[in-house]
Amino acid sequence: MTAGGDDARVRAHVFVSGRVQGVTYRATTRREAIERAVDGWVRNLDDGRVEAVFEGPESAVEEILEYCHEGPTRARVDDVTVEHESPEGITGFEIRR
């Protein structure tokens with residue numbers, strides 16, 4: 001990243017399907033996001049998917065999106081849907097219930 005801001009802040013709204021609940025997907029996603037200085041949140045949905053929002057430098061968000069396609073060891077990711085949105089300026093990363 002340069003001082004000119006080539007790595008602009010972006011937002012990705014993500015839905016992950018497969019065996020992604022009960023396998024530490026939320027906790028490991030939070031850890032991976034924090035390691036990359038990505039803000040946002042992650043939560044389980046009633047339909048068995050995981051939903052997450054990531055905001056941060058474009059390269060860091062792309063890295064966390066790559067992680068979402070694999071998840072933790074016990075997960076089986078079948079599909080990742082990404083919707084790019086305008087950043088809202090959220091800070092920190094939380095697991096929502």
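The values are calculated or read from the model by the stated rules, or taken from the named source; none is laboratory data. Keep in mind the model is a prediction, meaning the values are calculated, not measured. Positions of Cβ are backbone-derived with ideal geometry, glycine not excepted, and every protein chain shown enters the neighbour counts.
Would you be able to say whether some residue in region 7-14 is outside any strand (DSSP E or B), more than 20 Å from Arg97 (Cβ to Cβ), at pLDDT below 95 and not β-branched (Val, Ile, Thr)? Walk me through how you get there before you give the answer.
Pass one, region 7-14, residues outside any strand (DSSP E or B): 7-8.
Still in the running and more than 20 Å from Arg97 (Cβ to Cβ): 7-8.
Then drop every residue that is not at pLDDT below 95, which leaves 7-8.
With not β-branched (Val, Ile, Thr) added as a condition, the list becomes 7-8.
Yes: one or more hits.
What are the residues in region 13-66 that are basic (Lys, Arg), buried (at least 16 other Cβ atoms within 10 Å of the Cβ) and under 23 Å from Thr91 (Cβ atoms), if any? Spell out the reasoning first.
Step one: filter region 13-66 for residues basic (Lys, Arg), giving 19, 26, 30-31, 36, 43, 49.
After this cut, where a residue has to be buried (at least 16 other Cβ atoms within 10 Å of the Cβ) as well, the list is 26, 30, 36, 49.
Answer for region 13-66, where residues must be basic (Lys, Arg), buried (at least 16 other Cβ atoms within 10 Å of the Cβ) and under 23 Å from Thr91 (Cβ atoms): Arg26, Arg30, Arg36.
In region 67-97, what residues are surrounded by 14 or more Cβ atoms within 10 Å (Cβ to Cβ) and on the phi > 0 side of the Ramachandran plot?
Gly71
Which of the residues belonging to region 48-97 are over 20 Å from Ala27 (Cβ atoms) and part of a loop (DSSP other than H, G, I, E, B)?
Within region 48-97, Ser86, Pro87, Glu88, Gly89 qualify.
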